[in-house]
Amino acid sequence: TKWVYTFGDGKAEGTAEMRNLLGGKGANLAEMSNLGLPVPPGFTITTEVCTYYYKENQSYPADLKAQVEEALAATGKLANRKFGDSENPLLVSVRSGARASMPGMMDTVLNLGLNDTTVEALAKSANDRRFAFDSYRRFIGMYSDVVLGVDLHHFEEELDGFKDRKGYELDTEMTADDWQAIITTYKAIVQRELGRPFPQDAHEQLWGAIGAVFGSWMTPRAIKYRELNEIPADWGTAVNVQSMVFGNMGETSATGVAFTRNPSTGENAFYGEFLINAQGEDVVAGIRTPQDITEAARIASGSDKLSMEKAMPEVYNELVRIYNKLEQHYRDMQDIEFTVENNKLWMLQTRNGKRTTKAALRIAVDMVKEGLITKEEAVLRVDPLSLDQLLHPMIDPKAERNVLASGLPASPGAACGAIVFNSEDAEIAKKESKPVVLVRIETSPDDIHGMHAAEGILTTRGGMTSHAAVVARGMGKPCVSGAGSIRVDYKAETLSVGDKTLSKGDIITIDGATGQVLIGQIKMLEPELSGEFAALMEWADAARTLKIRANAETPLDARTARNFGAEGIGLSRTEHMFFNEERIVAVREMILADDEEGRRKALAKLLPYQRADFTELFEIMSGLPVTIRLLDPPLHEFLPHTDKDIEEVSKAMGVSEDKLRRRVNELHEFNPMLGFRGCRLAVAYPEIAEMQARAIFEAAIEAGRKTGQKVKPEVMVPLVLSKMELDLVKGRIDAMAKAVEEESKEKLDYQVGTMIELPRAALLADEIAQSAEFFSFGTNDLTQTTLGLSRDDAATFLGNYTDKGILSHDPFVSLDQIGVGQLVKLAVELGQKTRPDIKLGVCGEHGGDPASIHFFHNVGLAYVSCSPYRVPIARLAAAQAAI
Ligand code: ADP
Ligand code: MG
Ligand code: MG
C-alpha cells in the first residue's frame, strides 16, 4: 500500500480531490504545488495509517518506515539538505490535518531536526547565530509541550524571569547568547520533569511527533468535538511533514495569515495580518501587534506600523497574484497562511475560509456577478439554517456580557426587557408599551397571549421541543429554555441563581443564539436584509419546485409570512384564536355544557370572532391558498383550573361552581394527546365543526367581496384514522357549504382534506383519499404516534438515546426518515393511486428543517408549511434539494 504522498517543486502525488486520504491540509498543499505555487517540499502520511494505527493496537504498517525514509530523502533533495545531517540539516514541521479542520488535534511542531549539533550548522548556513538559537529554543518548548507533555508554562516562566533579570521587554531584545543560555535551562526543565534528556536524535524526534499526531486523534477533546460535529472516528487524521522555511530570519522575513475577502462583511478586499521577523503562530498568539497587509487596511485601522504593501512591495505583489490565482482556482474565498524567508514568499496553507452569514451571502452573490460561479452554485453555498441569524435582532458581538445563567438556545434572536412572571403582567406591560421578558418555570397553552406580548421567553425547565421552544420559534420570538440553575419563586416574584436575586421589573437580556441569560440591557443590532439576501432568494425561488407556505393564524404572523415570501398558509390552528380573555370563557362554556343546546349557545358566541379572524386572514393572503384546521387539541388545554377561572365560567353559564368542578374532573384524561381530541371532537359534537365551517365559508365570501379575489379555503380535518370518520365530518362541512351558498347566493370553491398524523391513516391512505382532496402530513403527531414517544416528555431522556446512537438525532427536530419517513412515502403512493391529482403537503416543525425538506422534495410533496420566520430557510433548502 502507498502510505506516503510527496509534494513540492511544482508537482505532487496528490490533488485537492484526495481530501479523504490526505486530509484537508495535505490535499491543498498538493494542489498548490500542482498549480506551480511556491510550497516548501514535503510529504503527507495518509489518514489510512491513522486507521491502521488504531486497528492494529497502535502500531504502524511494516512498510511505512521505508516509505517515510524515501520521502524524507526526496524532500531533502528538493531543499538541498539532508534530514539528520550535521553539516547541512533538513529541518521540518510536523502538522496534523484531518478531513475537516478540527480543534483538539495536535498543534504543529516547527523546526524539528534541530539539536546541539544541527543548531550550529543552521547558524553557519544562515550566518546568523541569534536566529538559529531562537529557532532551537522554540523547538524545544513546542516539542516538549506538544509531544512530550511538559507544559509550556514551565518554559514561559523561565523566559519571563530571564527577561526580567536582563531588563528586557521584548523577545527581540534577546541576543544569541541569551537564547543559548535559555536553551540550557529549557533542557534542564525537560530532564527535571521527565527524568530523561530532550531527544537529540532527529529520527526519534520525527517519529515522536508523528505518534503524537495520531495519538491526538483520540484525546477526549478531539472525541468530544467529533461527537458534536458528527465526524466519524474512523476518518482518521493525516500527518504532514514539510521542510521548514523561516520567517524569523530578520527584517526581510515575515509570517502572516490572510483572507482573500473580508470574512465578516464579505467585501471583496484582501484582508490579513503579518509580522516581520516572526515564526508560525506569532501572528495569532498576540506576542507583538501584527501589521496590516494592505495599505488600505492600514489607513482604515490607523496603525502606525508599515503595511506589507509598503514594507515588502515585491513580495506583496506576488502574494496578490497568488491569492487571485487561488480564488480563481478554488472559486471560493480562501483563508491562507504564508511565510516570507529572505524576501521569498512561501505558501503554507489554503482552505475555503469560514465566514459570517452576511459575508457568505455577499461573497456568493459577488462571485456570480464576477462570473466565477453559477447562480445554482451560489444557492448551494449558503447554509439555510444560518439565515436565522439575519432575521432576528442579535446581541452586538462587541457588547460586554454579564452572564447570570445559561439554558438552551431554543429560539433565535435576542430580547431585552423587564422581568414578568405571568402572562397577565406581560399583557398589561404590552398595553403600556413596556418591553418585558416572560419568565416561567415552563409554559402551557394558557401562556400564548403572554408569550405574544413579551419580547422573549425564558423557562427554567424543558428542552428544545418543549412547549415554550416550539411556540416561540413559531412566533419568531427569542427563547431560552431549560435554564436549570435559575430558581423561580412565583409568589415572591423573584428569580435567583446562587446568591443573586432579581425581582419583577428588573431588566434582563436573553440570547436565543447561545442560550445565555444576561443581567441588564445589552446593546443589540437590528436585522438588516441586504440586497444580496434578496438576490440569492430570487435565485433560490427560480431553482425550487417545492412551494413554501407558512403556519399562521394571527394577522401579524400572516403578514410576516408574506413578507418572507410564503406562498400561502399551510396550517391555521383555529384553537390559537381561542386563547383570549373573552373567547376563552365561551370556549370553556362550550366544553363544559352537558348538552348540545348548551354547546350551541356557546358556539354562537364564538362564531363572529372566528368569522372576523378568517376574513382578515383571507384578506391578507389575498388569493393565496389558506388551509384551516378544525379544532384539534385535547380539551383539557382549555379547561378552567384556577378558582377565578371557574368562577368566571360559572357566571357565564349560570351553573354552580361545584357542578363545574365535577364536570372538569369528569373530563380529566390520563393521556390527553391520545384522548378526546382532533376530529374525535367533531365526531362527538358535530356542531363544533359546523360552527367552524360556517365561519370559514362566510368569511370566504366576505373577503372575496372585499378584495375582488375569489378565496379558495382548504378545510382540514385533524387526526383522522379512517375514511368513515372523515366522511362523518366532511358531510357536515359540505352541508354547511350548501347552506351558506344558498344564503349568500354565491358559489363556494373549497376543498376538504385531512391530516395524515396517525400510522393507521398512512396505512389506509388509499381509502381515505377517496374522500380527502388533500393530505397534509402532520409530522409532529406522526412522529409522536409512530415512535410512541411523547414530545412533551421526551426531552428528559431523548439525549440518552441520541448519545448512545439509538436515534441519530432528535426526531422532533429533523424527520426520522428511515422510520416515520416510510409512512410518509407509503401514504403518498397510496393517496396518488386513488386520486392522482391529490394535493400533498406537510405542516409542523419539520416543514422548516432543511434535511427534512430534502426528504419531502424527494418523495414528491407539493409544498411544505413552516413557521413564518422559517420561510426563507425553507425557500433556500427547497432550492438546494432541487439542484
Ligand atoms: P494550524 O492547523 O493550527 O493552522 P499549521 O500546521 O497550519 O497549524 O501550522 C501553523 C503555522 O505554523 C503555519 O501557519 C505556519 O506559519 C507555520 N508553519 C507550519 N509549517 C511550516 C513550515 N514548513 N515552515 C514554516 N512555517 C511553518
Ligand atoms: Mg494553519
Ligand atoms: Mg397534530
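The values are calculated or read from the model by the stated rules, or taken from the named source; none is laboratory data. The structure presented is a predicted model; accordingly, all values stated were derived computationally and were not measured. So basically every Cβ, Gly included, is an ideal-geometry build from the backbone, and we count neighbours across all protein chains shown.
Assess whether Ser96 counts as being of a type in the set (Ser, Thr, Tyr) and within 30 Å of Ala16 (Cα to Cα). Walk me through how you get there before you give the answer.
Values: of a type in the set (Ser, Thr, Tyr): yes; within 30 Å of Ala16 (Cα to Cα): yes.
So Ser96 passes the test.
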- Task: Go through Leu319, Leu306, Leu326 for me and flag whichever is away from ligand 1 (no atom under 13 Å from the Cβ) and assigned to a loop (DSSP other than H, G, I, E, B).
- Result: Leu306
- Task: Would you be able to say whether some residue in region 607-626 is within 16 Å of ligand 3 (Cβ to nearest atom), of a type outside the set (S, T, N, Q) and buried (at least 21 other Cβ atoms within 10 Å of the Cβ)?
- Result: no
- Message: Need a quick list: helices (runs of 4 or more DSSP H) entirely within region 776-854 having at least 1 residues that are without any contact (Cβ under 8 Å) to a residue 12 or more places away in the chain.
- Response: 795-803, 820-834
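Looking for whichever is within 16 Å of ligand 2 (Cβ to nearest atom) and among the acidic types (Asp, Glu) here; the options are Glu87, Glu31. Which one fits?
Details: Glu87 fails: within 16 Å of ligand 2 (Cβ to nearest atom).
Testing whether each residue is within 16 Å of ligand 2 (Cβ to nearest atom) and among the acidic types (Asp, Glu) leaves just Glu31.
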- Are any residues in region 574-606 surrounded by 19 or more Cβ atoms within 10 Å (Cβ to Cβ) and either outside any helix (DSSP H, G or I) or assigned by TED's automatic domain parsing to the domain that holds Val471 (or both), and if so, which ones? Phe578, Phe579, Ala593
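Looking at region 139-227, what helices (runs of 4 or more DSSP H) fall wholly within it and have at least 1 residues that are under 36 Å from the mean Cα position of the chain (by Cα)?
It comes to 152-166, 202-216.
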- Note on the structure: For region 1-14, pairs from a residue that is without any contact (Cβ under 8 Å) to a residue 24 or more places away in the chain to a residue that is of a type outside the set (S, T, N, Q), with Cβ under 8 Å and 6 or more apart or across chains, are Ala12/Tyr5; Ala12/Leu29; Ala12/Ala30; Ala12/Glu31; Glu13/Tyr5; Glu13/Phe7; Glu13/Ala30
- Message: I need a count of the residues in region 694-721 that are without any contact (Cβ under 8 Å) to a residue 60 or more places away in the chain and in contact with a helix residue (DSSP H, G or I) (Cβ under 7 Å, 6 or more places away or on another chain).
- Response: 4
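Any idea which of Gly26, Gly14 is of a type outside the set (Val, Ile, Thr), under 14 Å from Arg99 (Cβ atoms) and in a helix (DSSP H, G or I)?
Details: Gly14 fails: in a helix (DSSP H, G or I).
One residue alone meets the criteria, Gly26.
Test Val683 against the stated conditions and say whether it is without any contact (Cβ under 8 Å) to a residue 60 or more places away in the chain and of a type in the set (Val, Ile, Thr). Write out each step before concluding.
Values: without any contact (Cβ under 8 Å) to a residue 60 or more places away in the chain: yes; of a type in the set (Val, Ile, Thr): yes.
Considered against the rule, which asks whether it is without any contact (Cβ under 8 Å) to a residue 60 or more places away in the chain and of a type in the set (Val, Ile, Thr), Val683 comes out as yes.
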- Item | Qualifying positions in region 2-40 - within 28 Å of the chain's Cα centre (by Cα) and closer than 20 Å to Glu318 by Cα | Asn28
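How many of the residues in region 675-717 are part of a helix (DSSP H, G or I) and either within 16 Å of ligand 2 (Cβ to nearest atom) or surrounded by 15 or more Cβ atoms within 10 Å (Cβ to Cβ) (or both)? Steps first, please.
Pass one, region 675-717, residues part of a helix (DSSP H, G or I): 679-684, 686-707.
Adding the requirement that they be either within 16 Å of ligand 2 (Cβ to nearest atom) or surrounded by 15 or more Cβ atoms within 10 Å (Cβ to Cβ) (or both) leaves 679-683, 686-704, 707.
Qualifying residue count, region 675-717: 25.
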- Message: Restricting to region 743-776, and then to whatever is touching a Phe, Trp or Tyr at 6+ places or on another chain (Cβ under 8 Å) and closer than 17 Å to Leu630 by Cα, can you tell me which residue is surrounded by the most Cβ atoms within 10 Å (Cβ to Cβ)?
- Response: Ile756
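Only one of these is crowded, with 20+ Cβ neighbours inside 10 Å, polar (S, T, N, Q), more than 12 Å from ligand 1 (Cβ to nearest atom) and in contact (Cβ under 8 Å) with a residue 12 or more places away in the chain: Thr46, Thr75, Thr117. Name it. Break it down stepwise before answering.
Values: Thr75 fails: more than 12 Å from ligand 1 (Cβ to nearest atom); Thr117 fails: crowded, with 20+ Cβ neighbours inside 10 Å.
The match here is Thr46.
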- Find the residue count for region 241-273, including only residues that are within 16 Å of ligand 2 (Cβ to nearest atom) and assigned to a loop (DSSP other than H, G, I, E, B). 5
